[in-house]
Amino acid sequence: MAFTHVRPELWTELKPFIEAEMVPTGIRLVTDHFALLKGSSMLPCQGGGDGQEVDVSLQPGFQEIIELMRTGYFYVKISAPYRVSTQAPRYEDLRPLVRAFFDANPRQVVWGSDW
């Protein structure tokens with residue numbers, strides 16, 4: 001089952017439901033566009049100063065998505081980087097997200113073009 005959730009902060013509420021109701025049935029879920037987690041270019045600076053590095057793992061929904069990927073029932077599609085980053089064409093600020101997804105479970109990462 002594939003779906004896009006436009007408010008990543010709601011993964012906190014969705015995660016218990018997914019674990020209790022969907023995982024036991026064997027249904028595998030796919031969410032696309034980096035789960036709509038943002039690259040650092042689209043997040044507010046956490047330190048308040050210029051040049052501060054933004055920790056993408058602190059954004060709402062990040063931990064829940066990573067934990068769901070570890071279960072093996074939840075896939076994240078790496079697609080449409082322009083939706084979650086302003087650093088075209090290389091989208092360097094998405095590297096920490098991609099690394100976190102692969103570290104959580106490389107078998108749960110799917111590539112898609114969105115074209």
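Assorted remarks:
- With respect to the conditions (1) on the phi < 0 side of the Ramachandran plot; (2) hydrophobic (A, V, I, L, M, F, W, C); (3) surrounded by fewer than 20 Cβ atoms within 10 Å (Cβ to Cβ), Ala80 lacks only one, and its number is (1).
- Residues in segment 53-108 that are touching a Gly at 6+ places or on another chain (Cβ under 6 Å), under 22 Å from Ile18 (Cβ atoms) and not hydrophobic (A, V, I, L, M, F, W, C): Lys77, Ser79.
- Within this structure, Val76 passes the test of being assigned to a strand (DSSP E or B), under 21 Å from Trp11 (Cα atoms) and touching a residue at least 12 places away in the same chain (Cβ under 8 Å).
- Residues that are open to solvent by 30 Å² or more (accessible area, probe 1.4 Å) and either closer than 12 Å to Ile66 by Cα or hydroxyl-bearing (Ser, Thr, Tyr) (or both) within segment 84-104 comprise Thr86, Tyr91, Val98, Arg99, Phe102, Asp103, listed in sequence order.
- One residue from Glu19, Glu9, Glu64 being crowded, with 17+ Cβ neighbours inside 10 Å and outside any loop (DSSP other than H, G, I, E, B): Glu64
- Filter result for Gln63 (under 18 Å from Ala2 (Cα atoms), of a type in the set (S, T, N, Q) and free of Cβ contacts under 8 Å to residues at least 40 places away in the same chain): no
The values are calculated or read from the model by the stated rules, or taken from the named source; none is laboratory data. Worth saying up front: this structure is predicted, and the values here are computed from it rather than measured. Cβ coordinates were reconstructed from backbone atoms using ideal geometry, including for glycine residues, and neighbour counts include every protein chain displayed. Areas reflect the complete protein model, heavy atoms only, side chains present, ligands, DNA and RNA absent. Shrake-Rupley method; radii C 1.70, N 1.55, O 1.52, S 1.80 Å.
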